[in-house]
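Everything below concerns the one structure shown next.
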Amino acid sequence: MTVIEPHVERDYVPAPEEPIKRRGQAWKNRLFKLAMLFSMFVAFGTLAVLLVDTVVTGWPALSTQLLTGLPSTVPDEAGARPAILATLYLGALVLLFSVPIGVLTAIYLEEYANRERWWNRAIEVNIQNLAAVPAIVYGILGLAFIVRGIGVGRVVLAGGLILTLVVLPTVVVASREAIRSVPDSIRQGAFALGATKWQVVWRQVLPASIPGIATGSILALSRAVGETAPLIMVGAITYVAFNPTLMGPYTALPVQIYNWTKQPDADFQTLAAAGAIVLLVIVLSMNAVAIFLRNRYRKQW
Amino acid sequence: MTQMESPRIDSTRIAEVSHGLERTEVERREKVFSVSGLSVAYHGNVALDGVDLNVHRNTVTAFIGPSGCGKSTFIRCFNRMNDLVPGAKVSGTVLYHGEDLYARDVDAVEIRRRIGMVFQKPNPFPKSIYDNIAFGPRVLGMKGSLDERVENALRQAALWDEVKDRLKDGALGLSGGQQQRLCIARALAVNPDVILMDEPASALDPISTTRIEDLMHELKREYTIVIVTHNMQQAARVADMTAFFSVLVDEDGGRRHGILVEYDSTTKIFTTPSDKRTEDYVTGRFG
């Protein structure tokens, strides 16, 4: 009987001279951890302070009067119904315009555009740049081209169009991400069954990317709802004592808040804070919907 | 990916397990594909060069060979899936029942409706089991009862009994082997003429692999099957005809492309190949 010698190959030799005690790395770890905690505190703490301050200041003015009342020069009688309504209209318009345009653009860029052509690459770079353009620039553009150029006027529709421009690049980028995350094997499988390009995109790629598109669009929408600068630029006038209509003058909630903060009367400051709470609730509930959608339809490939 | 479990293939055993047809019998059957002088290049780099080969009706034809020999590239020429790869260029002729697949007026979509494909990794759509099968008939606007079609396809793919009570459940909840049979059923649902399988069992466990292989024996009665496989034993078990592809390295050593070395009945390829390179490969000395 032969005894087989165990033969173990090591690619390292444990060096007995190396101490196994903790070396001088520990304080670096601790320092870094502290730096991270501090950064988080700065980011999160500021937000928390702002939120608490706003809620505490605005709480007394938070009433049905605020939600249903019309603006007034008397703080006790002032409400923000026209502004809230206009903000909701603006949001609806933004969704109506930006989702179809943004999604179709994203489909073109992801599924149809030939990246070897320079103009397609140019469009891609431009869209990314557009997402970084300050909103006030869109306001100026909107004033020149939409309000005056094609003569839409200082109306809700114009505001909706301008906010659409502001968020469109974001919607395109988010939709492209969502479309790109659909694995190629799905497209191949559909093509192999004799589906046309259109059927592959419309019946497989798009349904599979809807959660991502919805999440991105809602986040873009909540940004649009909070925008103030471009709306001031295109004349969302600040005193509107009637319900807005699509083609009528309007003010939006952020503009209304801005206006209240400019009033010397301290009661208006409270009102502004209360308005801010309303705006926060609107935006946060949109974000909640986005998170819900993302978790509900998360796909495992 | 290694198939080196048995470096010396027991050729008598293979001759037994392979129920492959004789070459003369295969060649008596109608030609489904007739390939001549086929070359494929990606962005000018030749991947596969000068392939001549016929595929006959109601047979299983296997393509074997080492990685990079162009066998997957080749199988994608039969349903023009290479059209979807940017920079791919196919030259030479592929006749399908005598018609040139690459003729100018041929619609690739029509071809893929007749020539189904199953991929290496199971790729069910993120939809219900039912909708996966129904997708093909729906996009092709096929008449008749959809429920019947779905049931037939699932029965042919030997999956019906496992899923009949949960057709509305998501297909992604199935096991890997079930997913692959679902993909086969999906391909069958559009009544194809040919089924191409690109390493259909390489991502599956041995039991699922056996089921897929049994399925191929069943399906060849009604369909013509072309399969790419890394697994030589699999080719020996399922194929009537086997084509061995290899990699040809240029003199300067820089460029390499795939070539067809030998194409013959499976029994011949695995017992008495005429080419030294085939022999080296099937006996495990190379590859």
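The values are calculated or read from the model by the stated rules, or taken from the named source; none is laboratory data. Given the structure is predicted, the values throughout are model-derived calculations rather than measurements. Because the Cβ atoms are built from the backbone with ideal geometry, glycine has one as well, and the counts that use them run over all protein chains shown.
Check the stretch A:26-42 and report whether any residue there is surrounded by 13 or more Cβ atoms within 10 Å (Cβ to Cβ), modelled with pLDDT of 80 or more and on the phi < 0 side of the Ramachandran plot. Looking for residues that are surrounded by 13 or more Cβ atoms within 10 Å (Cβ to Cβ), modelled with pLDDT of 80 or more and on the phi < 0 side of the Ramachandran plot, one finds none in the stretch A:26-42, hence no.
For the stretch A:146-168, the condition of being farther than 22 Å from A:Leu95 by Cα, more than 14 Å from chain B (Cβ to nearest Cβ), in a helix (DSSP H, G or I) and of a type outside the set (Phe, Trp, Tyr) holds for at least one residue. Only a single item in (1) under 27 Å from B:Ser202 (Cβ atoms); (2) in contact (Cβ under 8 Å) with a residue 24 or more places away in the chain; (3) out of contact with any strand residue (DSSP E or B) (no Cβ under 9 Å at 6 or more places or on another chain); (4) not acidic (Asp, Glu) is not met by B:Pro126, and it is number (3).
Scanning the stretch A:143-200 for residues that are of a type in the set (Val, Ile, Thr) and at pLDDT below 90 yields a count of 6.
Restricting the stretch A:68-87 to residues that are assigned to a helix (DSSP H, G or I) and without any contact (Cβ under 8 Å) to a residue 60 or more places away in the chain leaves a set whose member that is farthest from A:Val166 (Cα to Cα) is A:Glu77. Considering only residues in the stretch A:256-301 that are loosely packed, with under 13 Cβ neighbours inside 10 Å and basic (Lys, Arg), the one that is nearest to B:Gly173 (Cα to Cα) turns out to be A:Arg298. Give the stretch A:104-145 a look and list any residue that's of a type outside the set (Asp, Glu) and outside any helix (DSSP H, G or I), or say none. Correct list: A:Ala113, A:Asn114, A:Arg115, A:Arg117, A:Ala131, A:Ala132, A:Val133, A:Pro134. Got at least one residue in the stretch B:87-97 being out of contact with any Lys or Arg (no Cβ under 9 Å at 6 or more places or on another chain) and either at pLDDT below 85 or outside any strand (DSSP E or B) (or both)? Checked against the condition, which is being out of contact with any Lys or Arg (no Cβ under 9 Å at 6 or more places or on another chain) and either at pLDDT below 85 or outside any strand (DSSP E or B) (or both), the stretch B:87-97 yields at least one hit. Report yes if some residue within the stretch B:79-92 is touching an Asp or Glu at 6+ places or on another chain (Cβ under 8 Å) and either closer than 25 Å to B:Gln156 by Cα or buried (at least 18 other Cβ atoms within 10 Å of the Cβ) (or both); otherwise report no. No, every residue in the stretch B:79-92 fails to be touching an Asp or Glu at 6+ places or on another chain (Cβ under 8 Å) and either closer than 25 Å to B:Gln156 by Cα or buried (at least 18 other Cβ atoms within 10 Å of the Cβ) (or both). Close contacts from the stretch B:25-46, counting a first residue that is surrounded by 14 or more Cβ atoms within 10 Å (Cβ to Cβ) and a second that is part of a helix (DSSP H, G or I), with Cβ to Cβ under 6 Å and a gap of 6+ residues or different chains, come to B:Val40/B:Thr73.
Looking at A:Ile150, A:Ile136, A:Ile186, A:Ile140, just one residue is surrounded by fewer than 20 Cβ atoms within 10 Å (Cβ to Cβ), out of contact with any Gly (no Cβ under 8 Å at 6 or more places or on another chain) and closer than 30 Å to B:Gly141 by Cβ, and that residue is A:Ile186.
In the stretch A:136-169, the residue that is nearest to the chain's Cα centre (by Cα) out of those that are over 12 Å from A:Glu227 (Cβ atoms) and of a type outside the set (A, V, I, L, M, F, W, C) is A:Pro169. Among the residues of the stretch B:27-85, those identified as farther than 26 Å from B:Arg221 by Cα, among the polar types (S, T, N, Q) and in a strand (DSSP E or B) are B:Ser36, B:Ser39, B:Asn45.
Since B:Trp160 meets every condition but one in (1) among the aromatic types (Phe, Trp, Tyr); (2) closer than 19 Å to B:Thr209 by Cα; (3) within 13 Å of another protein chain (Cβ to nearest Cβ), which condition does it not meet? The number of the failed condition is (3). Could you count how many residues in the stretch A:169-184 are within 11 Å of chain B (Cβ to nearest Cβ) and touching a Pro at 6+ places or on another chain (Cβ under 9 Å)? Of the residues in that region, 1 qualify. Could you tell me whether any residue of the stretch B:87-98 is among the hydroxyl-bearing types (Ser, Thr, Tyr) and within 23 Å of A:Gln199 (Cβ to Cβ)? Looking for residues that are among the hydroxyl-bearing types (Ser, Thr, Tyr) and within 23 Å of A:Gln199 (Cβ to Cβ), one finds at least one in the stretch B:87-98, hence yes. When you look at B:Tyr281, is it surrounded by 24 or more Cβ atoms within 10 Å (Cβ to Cβ), in contact with a strand residue (DSSP E or B) (Cβ under 7 Å, 6 or more places away or on another chain) and among the aromatic types (Phe, Trp, Tyr), yes or no? Spelling it out, B:Tyr281 is indeed surrounded by 24 or more Cβ atoms within 10 Å (Cβ to Cβ), in contact with a strand residue (DSSP E or B) (Cβ under 7 Å, 6 or more places away or on another chain) and among the aromatic types (Phe, Trp, Tyr).
Quick check on the stretch B:109-125. Is at least one of its residues surrounded by fewer than 22 Cβ atoms within 10 Å (Cβ to Cβ), at pLDDT 90 or above, in a helix (DSSP H, G or I) and more than 9 Å from chain A (Cβ to nearest Cβ)? Within the stretch B:109-125, none of the residues are surrounded by fewer than 22 Cβ atoms within 10 Å (Cβ to Cβ), at pLDDT 90 or above, in a helix (DSSP H, G or I) and more than 9 Å from chain A (Cβ to nearest Cβ).
Scan the stretch A:197-240 for residues that are over 16 Å from the mean Cα position of the chain (by Cα) and of a type in the set (D, E, K, R) and the total you get is 2.
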